[in-house]
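The values are calculated or read from the model by the stated rules, or taken from the named source; none is laboratory data. In this text, all values refer to a predicted model and were calculated from it rather than measured experimentally. Using ideal geometry, Cβ is built from the backbone for each residue, glycine included, and neighbour counts are taken over all protein chains shown.
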Amino acid sequence: MKVLGIDTSGYTNAVGVADGNRVLADFTFEARHDSLEKIVANIDFVLKEAGFGLEDIEGFGVGLGPGSWTGIRVGVTVGKILAYSTNKPVSGVPTLEVLAYQARSMSALICPIINTGAGDTVYAAFYRTKDGTVSRTGEYYVGDIQGLAKMVKEPVVFVGAEVQAYSQLISQALGFPDGIRAIKDVPKGATVALLAATRLECEENDDVLSLAPLYLKESTAKAFVNKYSRSAQVKD
Amino acid sequence: MLVLGIETSCDETAAALVADGKVVLSNVIATQLDLLQKYGGVVPEIAARRHTELIGYVIKEALDSAGKTLADIEAVAVTAKQGLVGCLLVGVAAAKSLSYSLRIPLVGVHHIEGHIFANLLSNPQIPMPHVCLTVSGGHTMLVYVQAYCRYELLGSTLDDAAGEAFDKIAKFLDLGFPGGPVIDKLAVRGNRKAFNFPRPLLKTKTLDFSFSGLKTAIINAFKHRIGNGETLPLEDIAASFQEAIVDVLVAKTLHAALQRKVSTISITGGVSANRRLREVFSETCRQEGIEVFFPELSLCTDNAAMIAAAGYARLKQGEADDLNLNVIPNVPLEVQVGG
């Protein structure tokens, strides 16, 4: 099954194609503020380079985030509308899982980290590898690095685009810095495609029209409105 | 030519099918009224999240309710200019994806140009050139419409939009959101001359508007009485406030028509649904020998049919955008970037 995978959740965007467990194309490009401008043109570029048309694609994979809220809206919208308009299935893949999967050869607990863009607050989760797959061991984490370090009780491989910036903080916060490794990596389109293909082949499709980003954080508006507005009191 | 229009520039997720820029086959609008009422206004991040959830459903509904399929769409037009950046980009991402997968032309439209076309959809007989007042919660502008797709901005608000003043006064009086319909309704039973509120810039030659002073004057006049728990004459305040806004809008628009020596005026945007505004414009224009046109009510507020109509006009002129189309949150109407 040929699957197109995209991820626009970070400063590096990705497009890739996989067929079963074979990678047919993979392309990452910098898109700090221009995911919208570049993504569809780059999908076309990658498909042409690989010798395909969109009509050859049998399913879509979309990196759901977390990451840049604006960025993931671009990818999720493009993914769902391409799936809808070609009448093909779609599967959303958490970007943290994409990063963990790319580090699956490490024989340790894997902790992908994604910057929230707000100070030292990060998105993270822990994954264990088994038989070439990864599975999340607990809830998603949103908080500072020190809080994340407190959750670590065994050797861990941290992975992410800016993980090296955090590695010193992590080592300081931990009692056993020797067990810590940091791998700089970004989500790849081909990985999104591989993970989506696995799900789609098991018919674990997402509903095309309701596919939504994995924000992991509320908009700050709720707190703001409650503080300043006389007439609007926001209730959950 | 069957054009799918998409509009997500603010708080309405909308899609519509329009044939040949004239016939509206469907006009689907998912309002975020529940969110607006909850938060007392538009919160960009929350609006953008809602657009992402709804965009696919709205496009499908536009097709289903017109009895058409994806294969019937011949072009896609989308609001790409003027609006909230995070909101605009959801519509543009969807439009590009459709253009790419269906291999149909893509055209980005300026939101204000869409409003101008809303009235042309309702009243195709509107002659060129004419003066258009486009007035909503997000903008208040006087535009000289020289021909299809040729515009000159004559004036705009220096601070609040007229619809924004309605919203803010309604919020101050605790009448809920949006303010336009509720003030329109209350004003029917009120005395328009009960309070003599300021008419900003009315006596000056400028074609610009300013409504924030009017808003402040009302707040200053009544905040102590609200603080003392007094019951306010809401109907009279609504009627007098609305009259002040209408007086300014009518006077400036007629002044613009006179200055440009045109005998036709077109009123569009959410505030063009206001009953008193329509009444005063109709009466004044009758006396002055000027013809005035309003869009049907379903095309006053933000919608995608007007975007499809404007996009069709641009495509007819040989304009189209490629897959690199980006959003421009703030750009004058006259400046057509990349078109």
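Among the residues of the stretch A:62-71, the ones that are more than 7 Å from chain B (Cβ to nearest Cβ) and over 22 Å from A:GLU203 (Cβ atoms) come to 5 in all. Annotation note: of B:LEU315, B:LEU323, the sole residue that is touching a residue at least 60 places away in the same chain (Cβ under 8 Å) and farther than 17 Å from B:LEU88 by Cα is B:LEU315. On the stretch given as the stretch B:135-180, residues that are farther than 30 Å from B:GLN317 by Cα and without any contact (Cβ under 8 Å) to a residue 40 or more places away in the chain total 3.
Scanning the stretch B:139-184 for residues that are under 13 Å from B:ILE245 (Cα atoms), assigned to a loop (DSSP other than H, G, I, E, B) and among the aliphatic types (A, V, I, L, M) returns a single hit, B:ALA161. Just one of the listed residues (B:THR13, B:THR31) is under 17 Å from A:VAL74 (Cα atoms), out of contact with any Gly (no Cβ under 7 Å at 6 or more places or on another chain) and hydroxyl-bearing (Ser, Thr, Tyr), namely B:THR13. Among the residues of the stretch B:16-38, write down those that are more than 10 Å from B:ALA304 (Cα to Cα) and polar (S, T, N, Q). Those that are more than 10 Å from B:ALA304 (Cα to Cα) and polar (S, T, N, Q): B:THR31, B:GLN32, B:GLN37. The residues of the stretch B:222-276 that are at pLDDT 95 or above, closer than 22 Å to B:ARG189 by Cα and hydroxyl-bearing (Ser, Thr, Tyr), listed by number, are B:SER240, B:SER272. Inspect all residues belonging to the stretch B:109-120 and state whether any of them is over 20 Å from A:GLU55 (Cβ atoms) and among the small types (Gly, Ala, Ser). Scanning the stretch B:109-120, I find at least one residue that is over 20 Å from A:GLU55 (Cβ atoms) and among the small types (Gly, Ala, Ser), so the answer is yes.
Counting only residues that are farther than 24 Å from B:GLN37 by Cα and either of a type in the set (S, T, N, Q) or touching a Ser or Thr at 6+ places or on another chain (Cβ under 8 Å) (or both), the stretch B:145-199 holds 14 of them.
Each row is one residue, and each column tells you yes or no for (1) in contact with a Lys or Arg (Cβ under 6 Å, 6 or more places away or on another chain); (2) within 11 Å of A:PRO187 (Cα to Cα); (3) of a type in the set (Gly, Ala, Ser).
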| site | (1), (2), (3) |
| --- | --- |
| A:ILE6 | no, yes, no |
| A:TYR11 | yes, yes, no |
| A:VAL17 | no, no, no |
| A:ASN21 | no, no, no |
| A:LEU24 | no, no, no |
| A:LYS38 | no, no, no |
| A:GLY53 | no, no, yes |
| A:PRO66 | no, no, no |
| A:THR70 | no, no, no |
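Within the stretch B:274-307, the residues that satisfy the criterion of being out of contact with any Lys or Arg (no Cβ under 9 Å at 6 or more places or on another chain), aliphatic (A, V, I, L, M) and buried (at least 22 other Cβ atoms within 10 Å of the Cβ) are B:LEU277, B:LEU299, B:ALA304, B:ALA305, B:MET306, B:ILE307. Of all residues in the stretch B:22-36, exactly one satisfies the criterion of being buried (at least 22 other Cβ atoms within 10 Å of the Cβ) and more than 24 Å from B:LEU84 (Cβ to Cβ), namely B:VAL24. Scanning the stretch A:41-61 for residues that are part of a helix (DSSP H, G or I), among the hydrophobic types (A, V, I, L, M, F, W, C) and within 11 Å of chain B (Cβ to nearest Cβ) yields A:ALA41, A:ILE43, A:PHE45, A:LEU47, A:LEU54. Restricting the stretch A:5-40 to residues that are part of a loop (DSSP other than H, G, I, E, B) and in contact with a Gly (Cβ under 6 Å, 6 or more places away or on another chain) leaves a set whose member that is surrounded by the fewest Cβ atoms within 10 Å (Cβ to Cβ) is A:GLY10.
For the stretch A:72-93, what are the residues that are more than 10 Å from every other protein chain (Cβ to nearest Cβ) and crowded, with 23+ Cβ neighbours inside 10 Å? Scanning the stretch A:72-93 gives A:VAL90, A:SER91, A:GLY92, A:VAL93. Determine, yes or no, whether A:LEU174 is away from chain B (no Cβ under 14 Å) and either touching a Lys or Arg at 6+ places or on another chain (Cβ under 8 Å) or modelled with pLDDT under 85 (or both). Judged against the criteria, A:LEU174 is a match. Please work out which residue is farthest from the other protein chains (Cβ to nearest Cβ), limiting yourself to the stretch B:42-84 and to residues that are buried (at least 20 other Cβ atoms within 10 Å of the Cβ) and on the phi > 0 side of the Ramachandran plot. Filtering the stretch B:42-84 for residues that are buried (at least 20 other Cβ atoms within 10 Å of the Cβ) and on the phi > 0 side of the Ramachandran plot, the one farthest from the other protein chains (Cβ to nearest Cβ) comes out as B:GLN82.
Within the stretch B:85-106, the residues that satisfy the criterion of being over 20 Å from B:TYR57 (Cβ atoms), touching a residue at least 60 places away in the same chain (Cβ under 8 Å) and either hydrophobic (A, V, I, L, M, F, W, C) or within 7 Å of another protein chain (Cβ to nearest Cβ) (or both) are B:VAL85, B:TYR100, B:LEU106.
The residue that is nearest to B:LEU54 (Cα to Cα), counting only those in the stretch A:185-223 that are in a loop (DSSP other than H, G, I, E, B) and of a type in the set (Ser, Thr, Tyr), is A:SER210. Checked against (1) surrounded by fewer than 22 Cβ atoms within 10 Å (Cβ to Cβ); (2) on the phi < 0 side of the Ramachandran plot, B:ASP174 meets all criteria but (2). Being in contact with a Ser or Thr (Cβ under 8 Å, 6 or more places away or on another chain) and assigned to a helix (DSSP H, G or I) is the requirement here; does B:ALA221 meet it? No, not satisfied.
Here is a check on your reading of the model: is B:ARG225 more than 25 Å from B:ARG286 (Cβ to Cβ) and either of a type in the set (Lys, Arg) or not assigned by TED's automatic domain parsing to the domain that holds B:CYS132 (or both)? Spelling it out, B:ARG225 is indeed more than 25 Å from B:ARG286 (Cβ to Cβ) and either of a type in the set (Lys, Arg) or not assigned by TED's automatic domain parsing to the domain that holds B:CYS132 (or both). Total residues in the stretch B:36-84 satisfying the condition of being aliphatic (A, V, I, L, M), over 16 Å from B:MET1 (Cα atoms), in a loop (DSSP other than H, G, I, E, B) and touching a residue at least 40 places away in the same chain (Cβ under 8 Å): the figure is 2.
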